[in-house]
Every structure is written in C-alpha cells, then in structure tokens.
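Notes follow once the structure below has been shown.
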Amino acid sequence: MTPVAPVQLLPESRRGLLLGKRGWSVVIGALAIVALVVPLLNLAVPAGSVLHLGDWGVALVAKIMCYAICALAMDLIWGYTGILSLGHGLYFALGGYAMGMYLMRQIGHDGNYRSDLPDFMVFLDWKTLPWTWGGSASFVFQMILVVAVPALVAGVFGWFAFRSRIKGVYFSIITQALTFAGMLLFFRNETGFGGNNGFTDFKRILGVPLALPSTRMLLFVVTGVTLIGFWLLARAIVNSKYGRVLQAIRDAESRVMFTGYDPLKYKLSIWVLSAVMCGIAGALYVPQVGIIPSEMSPAASIEMAVWAAVGGRGTLVGPVLGAFFVNGAKSWFTQAFPEFWLYFLGALFIAVTLFLPRGIMGIRDRLRREKGVEVRA
C-alpha cells in the first residue's frame with residue numbers, strides 16, 4: 001500500500017494572514033514609489049535632468065492605474081467568480097460623469113460664455129440646470145453618487161440577471177447591450193450630459209487649479225494608493241471563506257447550490273463591488289485625463305476583459321500587469337503605427353487565448369516550475 005504523505009498545515013500565526021513578509025515588502029515598496037519616488041522625480045528633479053519624470057509620463061501612468069483598478073474589478077468577477085462582463089465600461093463612465101458634473105460646475109464664470117451654466121448647455125439654449133444636476137456643486141454629494149449610482153445600476157441589473165440564472169455568452173451579450181444603451185442615452189443632447197462631446201475644459205477641483213503640478217501629483221498619489229488599497233481588499237476577499245465560495249461558484253455552481261449556499265447573494269455582492277471599483281476608477285480618471293465620455297463605448301468594456309486575459313485572470317496581480325502592458329503598448333503603437341493598433345490588439349488577444357491561457361502570469365509560473373519552485377494556483 002502506497003504511503004500517503006502527511007498534510008503540512010501552516011502555523012496558526014500564519015493562517016489568515018493577508019500577505020507574508022515578502023508581500024508586505026512589495027506593497028510598501030509600491031507605496032514608496034507612488035507617494036515618494038515619482039513626486040520627487042517630477043517635482044524636485046530639474047526638467048533637464050536624465051532622472052526627471054515629465055508631466056506626460058505621470059499622466060500616462062495615472063491613466064493606466066485607473067485602468068488597472070478596472071482590470072482588478074474584472075478579475076474578481078471573471079477570474080474568481082466566472083462571470084464575464086463586457087459592459088463594465090458603463091460603471092466606469094458613470095463614476096466619471098458624476099465627477100465630471102462637479103468639475104463642470106467648478107468652472108463657474110471662466111467658461112467661454114461667462115455663464116453659471118456649463119458651456120454646452122448655453123450652446124444648446126438651456127435656461128436652467130436639469131434636475132439630474134441638482135447637487136452637482138457639492139463635492140461630497142457627487143462623491144456619494146460616484147459610489148451609489150454604479151452600485152444601484154449594477155444591483156438592479158445583477159439581481160434580475162442572476163435571479164433569472166442567465167449565464168455564459170448570453171450574460172456577456174446582455175452586459176454589452178446595457179452599455180450600448182447607456183451610451184445612446186448619455187450621448188443625446190436632451191439628457192444634459194454633453195452629448196457626443198461630453199465634459200471637458202475642467203479648471204478646478206475643490207477650488208484648486210487642476211493645472212498646478214502639485215494638484216496633478218496629488219491626484220496621481222491618490223490614484224496609486226487607491227489601486228494598492230483595492231488590490232489588498234481583493235486579496236483579502238479571495239483568501240476568505242467568501243472568496244472560496246466565489247471560486248466554488250465559478251467551478252461548479254450547481255454543486256454549491258446543493259450544499260446549501262445561495263449563489264445569488266454571492267454573485268450579486270461581488271458584481272456590485274466590482275461596479276463600485278470601476279466607478280471610483282472613472283472618478284479618478286476624469287480630472288487627470290480631462291474628458292469624458294468615450295469610455296462608455298462598448299469597445300472600452302471589451303478592452304477591460306483583454307487586460308485581465310493578457311495579464312492572467314484569477315491571479316489579481318496579472319490583470320494589473322495586463323493593464324499596464326496593453327495600454328503601454330497602445331500608447332506606443334498609436335504614435336508609431338496608429339493604423340496597426342487594432343490589429344495588434346486583436347492578434348494579442350488571439351495569441352493569449354490559444355497559447356497563454358494564464359497570460360503573463362502563466363509565463364512566470366512556467367519559469368518557476370522549471371526551477372523547481374512550487375506554484376500556487
């Protein structure tokens with residue numbers, strides 16, 4: 001009879017830990033880079049120095065960090081729960097619009113028409129603000145909307161969809177249709193959200209000019225800290241009992257039901273959380289990039305799935321790396337070979353699907369196995 005190797009349990013002191021010493025060292029290092037190194041290289045190092053980090057580079061990294069939050073949200077629902085959404089760009093845009101409405105009111109009389117109304121409303125001959133703009137002058141109220149509106153939309157949609165047990169490609173198509181419907185609604189001039197042109201020409205946030213380097217850097221730091229915070233939250237979730245139930249739903253939902261769990265509340269809760277994460281990412285994105293609404297297009301939602309797939313879904317780190325890799329390549333391709341960018345993106349997704357099902361993290365795991373290092377799923 002073949003002897004069975006004894007199961008080695010982790011010491012009680014290490015069970016339930018979010019990260020080990022090495023992991024916390026990486027997190028602290030990332031915080032130091034975001035909060036200290038980058039601000040020093042941008043603000044303190046002279047522009048002529050080789051070590052100087054220009055405003056363009058800071059803005060690009062900040063934008064990609066917002067995308068990385070969305071990729072992390074996608075990983076929670078797709079990589080760990082098995083729900084592929086092709087419509088999370090809607091929640092990203094809703095958070096962006098909530099922030100954009102506040103920023104438009106902060107312009108005041110500095111607009112082209114010197115009016116209390118945003119310029120696009122004056123151009124369209126609006127006389128008063130619509131009811132949807134009722135609390136837009138309040139930063140606190142709009143930040144509540146950044147969280148509440150994506151949560152409400154995701155909660156209502158998710159409850160009906162999950163209760164009806166819509167799954168697979170049908171669910172993905174419905175999420176894409178919902179995003180397209182939202183885009184058509186927001187792009188109409190009569191809805192009061194700027195039509196196709198959206199919101200732009202922002203001046204201030206909390207009374208401070210957005211053009212100031214210190215303001216831009218503060219937004220950069222807040223974005224980086226938010227990304228790290230969400231990553232820690234996501235890791236805590238997937239390592240908890242709640243996270244293990246999510247992974248069980250991904251692998252065999254019917255068996256989870258037979259064991260007495262209700263998949264509806266688990267799927268709905270993680271779905272709403274992922275929508276809120278995207279909404280917060282959109283709110284951080286708008287003041288740094290300076291425009292909304294193109295991110296509500298269905299193509300933007302598909303790209304979020306590409307980031308997660310390229311990086312390696314079900315890994316948390318992978319989707320963040322995927323967002324940086326894909327968008328970094330996009331930034332270079334759209335300048336060097338703009339006509340070939342979409343071909344590159346399509347080829348990249350096909351290659352990952354066929355040859356690298358675990359994405360970038362799969363390459364890392366393969367190299368570690370070759371060195372005899374244990375790889376955890």
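Just so it is clear, none of the values below were taken in a lab; they were calculated from the coordinates. Remember, it's a predicted structure, so these values are computed and weren't measured experimentally. Because the Cβ atoms are built from the backbone with ideal geometry, glycine has one as well, and the counts that use them run over all protein chains shown.
Overview of values
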| item | result |
| --- | --- |
| For I205, distant residues with modelled amide H under 5 Å away | L210 |
| Sparse-neighbourhood loop sites, GluC sites (Glu not before Pro) in the stretch 283-377 - DSSP loop, at most 16 other Cβ within 10 angstrom | E374 |
| Among the listed pairs K63/K267; K127/K203; K63/K265, those beyond 31 Å (Cα-Cα) | K63/K265 |
| Ellipticity estimate at 222 nm from DSSP helix runs (n ≥ 4, -39,500 (n - 2.57)) divided over the chain, nearest 500 | -20500 deg cm²/dmol |
| Contour excess over end-to-end distance, with Cα ends at E190 and F355 and 0.36 nm allotted per residue | 54.6 nm |
| Debye intensity ratio I(q)/I(0), log10, the stretch 214-315, q values 0.11, 0.15, 0.25 Å⁻¹ (C-alpha model) | -0.46, -0.80, -1.41 |
| Exposed-loop-free span, longest in the chain, where chymotrypsin sites (Phe, Trp or Tyr not before Pro) count as exposed if DSSP calls them loop and at most 15 other C-beta atoms lie within 10 Å | 114-260 |
| Förster radius 51 Å - calculated FRET efficiency between V156 and A32 (Cβ-Cβ, nearest 0.05) | 0.80 |
| Stokes-Einstein D in µm²/s, Kirkwood radius over Cα pairs - the stretch 303-377 at 37 °C with 0.692 mPa s viscosity | 256 |
| P(r) histogram, all alpha-carbon pairs of the stretch 88-188 included - 10 Å bins from 0, percent | 14, 37, 29, 14, 5, 0 |
| The stretch 225-377, Cα convex hull volume normalised per residue, Å³ | 157 |
| Interatomic Cα distance distribution for the chain, bins of 20 angstrom, percent | 26, 56, 17, 1, 0 |
| Spin-label zone in the stretch 186-202 - amide nitrogen under 15 Å from a point set 7 Å from the Cα of L124 along the C-beta vector | 186-200 |
| Gaussian network model of the chain, springs between alpha carbon atoms under 10 Å - residue of V238, V221, V45 with greatest fluctuation | V45 |
| Loop trypsin sites (Lys or Arg not before Pro), the stretch 25-120, which have at most 10 other Cβ atoms in a 10 Å radius of their Cβ (DSSP) | R114 |
| Contour minus Cα-Cα distance for R165 and K371 (0.36 nm per residue) | 69.8 nm |
| The chain: angle of helix 241-258 to the longest principal axis, Cα-based, in degrees nearest 10 | 70 |
| Relative contact order for the stretch 26-298, counting Cα pairs under 8 Å that sit 6 or more residues apart, in percent | 39 |
